[in-house]
Structure formats: structure tokens, C-alpha cells
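For reference, the structure is listed below as C-alpha cells.
The values are calculated or read from the model by the stated rules, or taken from the named source; none is laboratory data. Quantities reported herein were computed from a predicted structural model and do not represent experimental measurements. Glycine also receives a Cβ, built like all others from the backbone with ideal geometry; neighbour counts cover every protein chain displayed.
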Ligand SMILES: *Cc1c(COP(=O)(O)O)cnc(C)c1O
């Protein structure tokens, strides 16, 4: 890419207008139903990558993300935004790497305020929204639905910001104690936890209804920050670079294993590779909800419904960000992708031989059953001295089949204390919360119960907004 070329974003279905980075971030889903991707992927040369050695996480984030933002933010604006985003992390390295086994490393992504990797993206997008909206003199209402981790990360990222009100719908009685408290103990007036009488699917369905109610959508200026937002993916590219460089990149190849649900995190790894980071293999690790492992093995991307697991943040029926990988695999043919997504509505599609070869050139895959996940939590405790959360354990289990001369980095996506029941069942040890949030269970809770009813939810939001 020429350095002076404007940065444009295009839809994976080819029918939506091209946007700038800022417009892409504020829009989320493209109007043709597709996902925005950069029209051209910026690259970093070996010298630029080598120069990341020894710089702070924040400085690395600035250098890696800057080319994607085009004219949307100045360098000094972006630098301030990044500093604010990661100031609340409980570890100076932000994403520390530690050795787990011979030539196998764990990338700890759980030192953010809600103890899961989603903080890396959500904290950044909160600050990006605030800066963009202040400049435009606008205010938005962010509404999200959550099964746990995304909602707590969003509440934490948007609380107290001037230009944003945030409402998170979660299924009443169906999230873990820690997840609920991370949402209900937020005290700022612009942040609202709504406990819906229903399941996660109900919460997600009402959210979709809200976005389709154009009168309401315009009235409150609805905005979304779910995992298809490109700004979230971009934030996650950074730690692939910092981890690889600390193990000798660009002079040495590395591989990554990524506990995967919606394919946002591992797609960030793919972007890092496309930017020039020498990655040998990106391993997709799924739990028993293994649509991605089946698709990469057989070429058939077919939905089977969701079976609840002990790694709930990976319990998905379809994997929304996979569309971005398909777009490249099909030679960036938006019509072909739109066709596949139509077939998906009938239950699935077959990936063409050429596209499958492209995908297998970048991604390997594996799955962990519930028993294998628990066994790995127990084994890691005894043999590696490590308490793993169930999601990270899925990754470490799958990585075992890919260990070899190339260093393997497995992403630890949540802190074990966020899923204490599964960890205790496997090891007999109940993991403690980090000291900075040890009083979580004493803090007063604040939430509003709401029926599984669109009008009721919309009325509640309207009345809670500042007049
Ligand atoms: C969201 C999440 C995942 C899955 O990440 P995707 O980007 O959806 O693939 C894995 N582990 C944890 C703890 C999560 O919160």
C-alpha cells in the first residue's frame, strides 16, 4: 500500500458503500449484511517488526494500528487513546508471555478490568468512540446482548464516558456470579445492566429487533459494539506482534493456538500474518460446538445448534467473523460470499476446493470435548503449575497436537477466577480473584429486571436516557 493512499473499508458482500475507519467503527455491520474489511491490508517490513522489540505495549499498539486508521485520528490523538485504554490493566506488560511446556508458551490476555481478552478491544473502542463523538458533537446509545464476557467488558469500557450511554441485556439467572457482578456493580449513571426474563437467544433476538426498529434506532442513535466491529478485531492484532517479537520474530517463525468462537480473535492473527508477521500456523481450537473444526476438516460449514459447555464464551452456532476469512478465500468476491450466506440460512454450505485450500494454507484446527477440557485443566495444574480457565484449557489441549520445532503460543483468553466452578471441579482449587477486585462480592448491585418484550425494553431505555 502507498503510504499516502487513503484507507478505505469495503464490505464482504460487495454491495455497501466504502467507508473510512471511523465510519466503519461507528457503523458496525454493513448495510448489505456484510462485514467491513480494509480494501488493502497495510504491511510492516522485517525492520519495522524487529524494531518492536523492547518498546512498551502501548507504543507497539500505536505502530501496528496506525496504518489502518488513515486520516480518522492523528498520531497524538491515537497515542492518548491507547494510553487511556490500557491504563487500567493489572500487569505492566499488558499481555505477558510465560513458558508452559518445552517450546510452548501461554499468552496471558486476562489482566484487563474484567479478566478476559475482550478488554483489549473493548477498552480501546470505548476511547475511540469517545474521541470521535466529541469531535462530531454527537452522542450515541450502545445496546448489547451478552452471555457474560462481552457485556461486562462493554460496561467497564463505556462507564463514565460523556458521549455514550450503554445498556447491556443479559439473561436473568443465567450468567455466572462474577460475570453478573462485573455488570451490576458499575456505579456510573450512563451504564445500565438489564436482566431480561429469558435466555441469551431471547436477549440477542430483542437486540436485533431494536436495530430493525428504524424509528427507535434513529431516535436514540443506536450503536453496536459486537465482535464483528472491525475496530475490535484491529485492537487484537497488536498482541500477536508483541508475543511473536518477544520470541524472536521476524527472525524466527512462531505458531499460535486460539480458543475460538466467533473467529474475531484468530482473524486478528490472520491479519497480523497478512501484514507480514512470520506465522507458521494459526490453530483454531473449538469446544464441542465445533462448526469451524468440522468445516476446516470436511469443507462443509453446517449448523448443528448449540450445546452448553464449561467454556460458554465459545458456545456458538455460527461463527460471524469467519465471513471475513471466506471473503479472502473466495478471492474477495462479495457476490460469492453473499451466496454462501444465503445458503447458510438454509442450514449450511460447502466450501469450494480452491477456497478450502486457501483456508488450510493459513489455519489448522482441533476440538476439545468437555472431558478433555476438564482433564487438561487438571493436568496443567499438576504438570505445568498453571490454573487454566476452561477456554484456555481448550486451547492448550488442542495445541498438544501441533507442538514441534516452531514455538507455539496459546492464547489464555480469561482468568481462571472468572470460571471458578469449572476450575474447582477439575482441580479441587477455587481460584481467587486478583487483589484489585477481591471485594467484588461485597459491592452493592444495581440492575433493572425487564420482560422479554421489545416495547418494554425500548420504553425503559428511552426513559433512562438523559433529557
Ligand atoms: C469471546 C471469548 C472467546 C472466543 O473469541 P472469538 O473472538 O469469539 O473467537 C474465547 N474465550 C473467551 C474467554 C472469550 O470471552
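Here are a few things to note about the model shown:
- Count of segment 298-329 residues which are in contact with a strand residue (DSSP E or B) (Cβ under 7 Å, 6 or more places away or on another chain) and more than 14 Å from the ligand (Cβ to nearest atom): 6
- Unique residue being within 17 Å of the chain's Cα centre (by Cα) and either farther than 22 Å from residue 245 by Cβ or surrounded by fewer than 23 Cβ atoms within 10 Å (Cβ to Cβ) (or both) when the list is 112, 126: 126
- Some residue of segment 125-132 being touching a helix residue (DSSP H, G or I) at 6+ places or on another chain (Cβ under 7 Å), away from the ligand (no atom under 16 Å from the Cβ) and assigned to a strand (DSSP E or B): no
- Residue list for segment 257-283, restricted to those being part of a loop (DSSP other than H, G, I, E, B) and within 12 Å of the ligand (Cβ to nearest atom): 260, 261, 262, 263
- Matching residues, segment 169-183, being surrounded by fewer than 20 Cβ atoms within 10 Å (Cβ to Cβ) and either in contact with a strand residue (DSSP E or B) (Cβ under 7 Å, 6 or more places away or on another chain) or in a loop (DSSP other than H, G, I, E, B) (or both): 172, 173, 174, 176
- Segment 184-206: number of residues that are over 22 Å from residue 315 (Cβ atoms) and in a helix (DSSP H, G or I): 1
- Selection over segment 108-122 of residues that are part of a loop (DSSP other than H, G, I, E, B) and under 17 Å from residue 388 (Cβ atoms) gives a count of 5.
- Test for residue 144: is it under 23 Å from residue 465 (Cβ atoms), within 16 Å of the ligand (Cβ to nearest atom) and in a strand (DSSP E or B): yes
- Here residue 289 meets each of (1) in a loop (DSSP other than H, G, I, E, B); (2) out of contact with any helix residue (DSSP H, G or I) (no Cβ under 7 Å at 6 or more places or on another chain); (3) surrounded by 20 or more Cβ atoms within 10 Å (Cβ to Cβ) with one exception, condition (2).
- Meets criteria (part of a strand (DSSP E or B) and modelled with pLDDT of 95 or more) for residue 411: yes
- Evaluated against (1) more than 26 Å from residue 248 (Cβ to Cβ); (2) surrounded by fewer than 19 Cβ atoms within 10 Å (Cβ to Cβ); (3) modelled with pLDDT of 95 or more, residue 118 falls short on exactly one condition, (2).
- Condition check for residue 274: touching a residue at least 24 places away in the same chain (Cβ under 8 Å), surrounded by fewer than 21 Cβ atoms within 10 Å (Cβ to Cβ), closer than 25 Å to residue 102 by Cβ and out of contact with any strand residue (DSSP E or B) (no Cβ under 8 Å at 6 or more places or on another chain): no
- Boolean, residue 91 is within 14 Å of the ligand (Cβ to nearest atom) and farther than 18 Å from residue 397 by Cβ: no
- Checking residue 154 against (1) buried (at least 24 other Cβ atoms within 10 Å of the Cβ); (2) out of contact with any strand residue (DSSP E or B) (no Cβ under 8 Å at 6 or more places or on another chain); (3) in a helix (DSSP H, G or I), the condition it does not meet: (2)
- Among (1) out of contact with any strand residue (DSSP E or B) (no Cβ under 8 Å at 6 or more places or on another chain); (2) touching a residue at least 40 places away in the same chain (Cβ under 8 Å) - the single one residue 464 does not satisfy: (1)
- Qualifying position, being without any contact (Cβ under 8 Å) to a residue 60 or more places away in the chain, assigned to a helix (DSSP H, G or I) and surrounded by fewer than 19 Cβ atoms within 10 Å (Cβ to Cβ), among 209, 218: 218
- Hits in segment 398-421 - residues which are over 22 Å from the mean Cα position of the chain (by Cα), closer than 25 Å to residue 96 by Cβ and either touching a residue at least 60 places away in the same chain (Cβ under 8 Å) or within 16 Å of the ligand (Cβ to nearest atom) (or both): 402, 403, 404, 405, 406, 407
- Exclusive hit being more than 16 Å from the ligand (Cβ to nearest atom), free of Cβ contacts under 8 Å to residues at least 40 places away in the same chain and under 19 Å from residue 27 (Cα atoms), set 139, 135: 135
- Selection count where residues are within 30 Å of residue 62 (Cα to Cα) and touching a helix residue (DSSP H, G or I) at 6+ places or on another chain (Cβ under 6 Å), scope segment 178-221: 4
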